[in-house]
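Have a look at the structure below before the remarks.
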Amino acid sequence: LRPGQGTRDHPPAQAALRERLLSAVVSCFKRHGAAAIDTPVLELRETLMGKYGEDTKLIYELQDQGGELLALRYDLTVPFARYLAMNKVTNMKRYHVAKVYRRDNPATTRGRYREFYQCDFDIAGQFDPMIPDAECLKIVHEILSDLQLGDFVIKVNDRRILNGVFAVCGVPESKFIPACSTVDKLDKAPWEEVRSEMVGEKGLSPEAADRIGEYVQLHGGLELIERLLQDPQLSQNKLAKEGLGDMKLLFEYLTLFGITGKISFDLSLARGLDYYTGVIFEAVLLQQENEHVEEAVSVGSVAGGGRYDGLVGMFDPKGRKVPCVGVSIGIERIFSILEQRLEASGEKLRTTETQVLVATPQKHLLPARLKLISELWDAGIKAEMLYKKDPKLLKQLQYCEDTGIPLAAIVGEQELADGVVKLRDVATREEVRM
């Protein structure tokens, strides 16, 4: 017996770790004033189609139900856009933590599943430029710092800058999106490979590819933005100029938040999804392999997001737009990193939160245990007892050790006669009568 391909069970230790992780993320979202929403796992097929570019083939489609064609949600962003359009909501700050479904080929790609959690935070509404965008980056910075995953960098770019680069390098507009998805591979493949895909598969001229190469290999901070604003070609391009102006503003806000040390303006960042329109960002964990290596290597993306100003309008019959910016925390990737760490450390994670075990040292005292445990439960105390009429005291204390219960409340004949309870600290073996 096994669960379906690309899915998995979470035994208690994993479920406990996952709950701890999710609560850290959610408390950050709440700290920033977001309200929770929930949407159905099932969406109309037409809601999802044509929103994900090349990834549309990964949507789980369901059988026809009396003329209704449904599919499982692929992410939490498109359902959010549908929700905003349907309810004519024009501004909202929301978070959503839920499972999504992708018909990926799970065996070939490690850490990719067909069912997994996403944790999203989004700000919808017409606001002054880059203020909500800066907050999204601050949230990523807070969460990754809080979870102590090690060193990380948040790469930032803008779709308009990228499109401007393509335009001044002589790429026809019809090839912007394919060129974009090729540039996106630069974090995993060297420039030579990316260049040959541009020329070979995407049909760009070698000259255009070389000119793109001069830009997309650049990364830096405010000084790079200033330099590109002076670039004779880019500064002539309306889109790129807008994007760079906003990027400069964004960096000013991030400086005020005090987080620019972890932010890199990176022209190779493209992000695969079609619906991004402005700022895009991605956080990657860095791993110092050993002392001899100067460059930290990336362990992979743990958060991503960006601005998608056109998505809500796609659902509105009148095409009314609601600007949005949001971030998704890659909880599965983070979860597997923390899980491996826990395994390596050999530390045991408690799977329950029991505070006290009600125990008896002699026989025929089950009634005393039942009465006491009932009082504890009614007082809101997390308590357990063994499901045996006359367990041995050693057995009961051993259970505390095995499951990490810190206290044992012992009621023997003497305690009953004196109307007290003996409270034992399991770790130090100290006892007090109360």
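Okay, here's what the table says:
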| read-out | value |
| --- | --- |
| Solvent-accessible area per residue, Å², over the chain with all protein chains present [probe radius 1.4 Å] | 52 Å² |
| Of (1) 41; (2) 21; (3) 30, the label for percent of Cα pairs over 42 Å apart derived from the coordinates | (3) |
| Table column - 3J(HN,Hα) (Hz), region 418-434, Karplus curve with 6.51, -1.76, 1.60, x for Gly and Pro | 8, x, 10, 10, 8, 9, 10, 7, 4, 6, 8, 6, 6, 10, 10, 9, 10 |
| 5 angstrom amide H check on CYS119, placed H, neighbours 5+ away | ILE329, ILE331 |
| Sorted peptide list for 323-330, 228-235, criterion being average Cβ within 10 angstrom, highest first | 323-330, 228-235 |
| Between region 140-189 and region 1-66, the alpha-carbon center distance in angstrom | 24 Å |
| For peptides 156-163, 144-151, 96-103, sequence by mean Cβ density within 10 Å, most packed first | 156-163, 96-103, 144-151 |
| Computed E for ASP146/GLN63 - FRET, C-beta separation, R0 56 angstrom, nearest 0.05 | 0.85 |
| GluC sites (Glu not before Pro), loop per DSSP, at most 13 other Cβ atoms within 10 Å - longest free stretch of the chain | 1-200 |
| In region 368-434, chymotrypsin sites (Phe, Trp or Tyr not before Pro) in a DSSP loop with at most 12 other beta-carbon atoms within 10 Å | TYR387 |
| Members of LYS138/LYS318; LYS371/LYS422; LYS363/LYS422; LYS51/LYS175; LYS155/LYS248; LYS188/LYS348 lying beyond 25 Å, as alpha-carbon distances in this model show | LYS138/LYS318; LYS188/LYS348 |
| Region 322-338 - phi-based ³J(HN,Hα) in whole Hz, Karplus 6.51/-1.76/1.60, Gly and Pro as x | 10, x, 9, 9, x, 9, 10, 8, x, 4, 5, 4, 5, 4, 5, 5, 5 |
| Cα centroid separation, region 196-260 to region 385-434 (Å) | 67 Å |
| Computed label-point distance, nm, for sites GLU193 and ASP128 using a 7 Å Cα→Cβ extension | 4.5 nm |
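The values are calculated or read from the model by the stated rules, or taken from the named source; none is laboratory data. The model shown is predicted, which means the values in this text are computed figures rather than measured ones. Positions of Cβ are generated from backbone atoms using ideal geometry, with glycine treated the same way; all protein chains shown enter the neighbour counts. Ligands, DNA and RNA are stripped out before the accessible areas are found, and what is left, the full protein with its side chains, is counted by its heavy atoms. Shrake-Rupley method; radii C 1.70, N 1.55, O 1.52, S 1.80 Å.
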